[in-house]
Amino acid sequence: MEIQQRDCQNCKAQFEVTEDDLDFYAKLKVPSPTFCPECRMQRRIMWRCERSLYKRDCDLCGRGIISVYSKDKPYKVYCRECFHGDKWNPLDYGQDYDFSRPFFEQFRELQRKVPRQFAFAFQNVNSDYTNGSAFNKNCYLIFVSDHNEDSQYSYSIFYCRNSADLLNSTECELCYECITCRKCYQVSYSEDCSNSQNLAFCRNCVNCQNCVGSVDLKNQQYCILNEQYTKEEYEKKVAEMRLDTREGLEKMRVEAQAFWQKYPVKYIHGQQNVNVVGDYIFNSKSSYRCFDSDMLEDCKYMNHGNSSKFVYDAYVCVDSSEYSLEIIGALGAKNCNFSMWPFSSFECDYIDTCENSGNLFGCVSLHKQQYCILNKQYAKEDYEALRAKILKHMDEMPYVDGKGRTYKYGEFIPTDLCEFGYNETVVQEYFPLTKEEALAAGYKWKDPEEKSYAVTLKPEDIPATITEVKDDVLKETIGCAHQGTCNHGCTTAFRVTPAELQLYQRLGAPLPLLCFNCRHFARLARKNPIELHHRACQCAGSTSSLQAGTSGGGSYNNVASHPHGDGKCPNEFETTYAPDSPRSSSGGAGRKEIVYCEACYQQEVV
């Protein structure tokens, strides 16, 4: 396959464009990129404000709303009812195309004039403090999450109930502080577990119950650190651990994570994949560099995708989206390129929050419209002729940003036109910067709004067990243990909701010491970063071995024979487990994993 080497216009690093890439771009009739994949992602997700919420009023009806747009943003913001109501018409804001100015300048003007929806939340009940959410009931501070009930402080969860502090989890009930768990009941402080119940500090346990600190178990119960006990012995041991206390939990966390390191990990977090490169990906095929996704086909450079095919460079792309490029927040988008929140729209370029529309170019907040440019409607033939002229004009008069980067047709919307602060958006989670670094790079920064929090309960004074906590804690303003010194959007203080307190009481979990933002970033630190490394399977026959040039990982004695026999496994792969550097953990300690290919790993799950 032919591979071309290009120099990134932004970071100057080389990146590859393959023959398959060129074929894809040709089908979409778009130019090939001038930014590398990482810089394209950084540029794209800088427009996605997910977890920053503000109180403000609807600019049409005046009622109070919770919005992703702070009051200082230069936008008109409508509540959901007004945005979809009949008291205004987005076509009234249409403007003629001006061939004396770059397209992106005109698009920014339109973005600032046309009203936009307060957030991306649909058909929720009693769940105002959410975003990127739909069909939730009685939920609080959950994001990119659908079909949940009575759940809180979570990100990317689906069909969960009575749970809190989850990340990338599905069909979980009474679960707490879990990452990538599926179909679990009363599971806490665990990762990559499925079809299990009553687990604590477990990793990759399948169809297990009543286990603590265990790893790579299947169809087991009453195990502690993978050691089998009788029911009576197990219950006695667990009682001695005092997992209802903060001290007992911290002791087991350290012990369990050290124990996990003795066992191999599969090179990828995923199942039922064919010809897939990425991580945290399931039920997908022929997709490359895709992460946190499910049911993808022929996709590339995708994060948080679901049920999509033939899509490149996307963040949150779901509901049968296809043949699209450089999009964020796409639902049912078809042939949509360089766009934000194209909902059930088709044949569009450079649209912002348009629904059920087609054949649009540079439009904002349109509903059920066709053949529009800058929100002005045209006859089909006139639209096609003008669109062709605009594409030529974008090449002849490109937009040049403050750093000298050139934006012709085929580039995503320039970051210096984005009104969000770098730290308000999801980009801070993937490409974290300090305020000084962000400003030096030409990005905006949102300083925390002044809040007169009077902390009434210091973190060091929080009781060690939930049984010591009285109902009057609901009136307390609790200080976050980070005290705003981290780079995680620390709120410095937080309060406990009645539903949250009831969940802690039901699970026997102590009150947290950190605000919800700091807890979220601690969970993110437990996940592998979205960086791929070429590695070889570390299975060497009867034991594991270190890769050449590495010094970590330890040694593991295999419990089963492997297809490759007594020799070293020949399989190689792309993985997010770095060979030469420790993966971060919430405890701050460096870690090394023993990484196996899927075939070798499956032999070791007992």
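Observations, loosely collected:
- Restricting the stretch 5-87 to trypsin sites (Lys or Arg not before Pro) that sit in a DSSP loop and have at most 11 other Cβ atoms within 10 Å of their own Cβ leaves LYS12, LYS29, ARG63, LYS71, LYS87.
- Label assignment, Rg and Dmax of the Cα atoms in Å derived from the structure, set (i) 25.3, 81; (ii) 26.8, 89; (iii) 33.0, 117: (i)
- Cα centroids of the stretch 150-186 and the stretch 322-343: 28 Å apart.
- Antiparallel content of DSSP bridges confined to the chain, in %, to 5: 20
- ³J(HN,Hα), Karplus 6.51/-1.76/1.60, whole Hz, each residue of the stretch 208-217, x for Gly, Pro: 10, 8, 6, 9, 9, x, 9, 8, 6, 9
- Computed over the Cα atoms of the stretch 160-266, the ratio of the radius of gyration to the Kirkwood radius (Rg/Rh) comes to 0.94.
- Here's how it looks for TYR69: its modeled amide H is under 5 Å from those of TYR54, which are all 5 or more places away or on a different chain.
- Calculated from backbone phi, Karplus (6.51, -1.76, 1.60) coupling profile of the stretch 427-441 in Hz, x at Gly/Pro: 4, 5, 7, 9, 10, x, 9, 7, 4, 5, 5, 5, 5, 5, 7
- On Cα atoms only, tilt of 231-241 relative to the major axis of the chain in degrees: 70
- Evaluating 6.51 cos²θ - 1.76 cosθ + 1.60 at θ = phi - 60° for every residue in the stretch 511-520, the Karplus couplings come out as 5, x, 9, 10, 5, 5, 5, 5, 5, 4 Hz, glycine and proline recorded as x.
- For VAL265, the amide hydrogen comes within under 5 Å of the amide hydrogens of ILE594, VAL595, TYR596, counting only partners 5 or more places away or on other chains and with H modelled in the peptide plane.
- When +1 charges are put on Lys and Arg Cβ atoms and -1 charges on Asp and Glu Cβ atoms, the dipole computed for the chain relative to its Cα centre reaches about 580 debye.
- Order of ILE45, ILE281 under a 10 Å beta carbon neighbour criterion, fewest first: ILE45, ILE281
- Cleavage-rule hits (GluC sites (Glu not before Pro)) in the stretch 1-63: DSSP loop, at most 11 neighbouring Cβ within 10 angstrom: GLU2
- Once backbone amide H atoms are built at 1.01 Å from N, VAL455 has no partners under 5 Å, excluding neighbours fewer than 5 places away on the same chain.
- Put in order of Cβ neighbour count within 10 Å, fewest first, the listed residues SER561, SER214, SER100 become SER100, SER561, SER214.
- DSSP beta bridge pairing in the stretch 160-266, given as percent antiparallel to the nearest 5: 10
- Helix content alone sets the calculated 222 nm mean residue ellipticity of the chain: runs of n ≥ 4 DSSP H residues at -39500 (n - 2.57) each, divided across all residues, give -5500 deg cm²/dmol.
- Selection from VAL605, SER133, ALA499 lying farthest towards where the dipole of the chain points positive, charges on Cβ: ALA499
- The stretch 248-281 and the stretch 362-440 have their alpha-carbon centroids 39 Å apart.
Bear in mind these aren't lab numbers, they're just calculated from the coordinates by the rules spelled out. Please read all numbers here as calculations on a predicted model, not as lab measurements. Cβ atoms come from the backbone with ideal geometry, glycine included; neighbour counts cover every protein chain shown.
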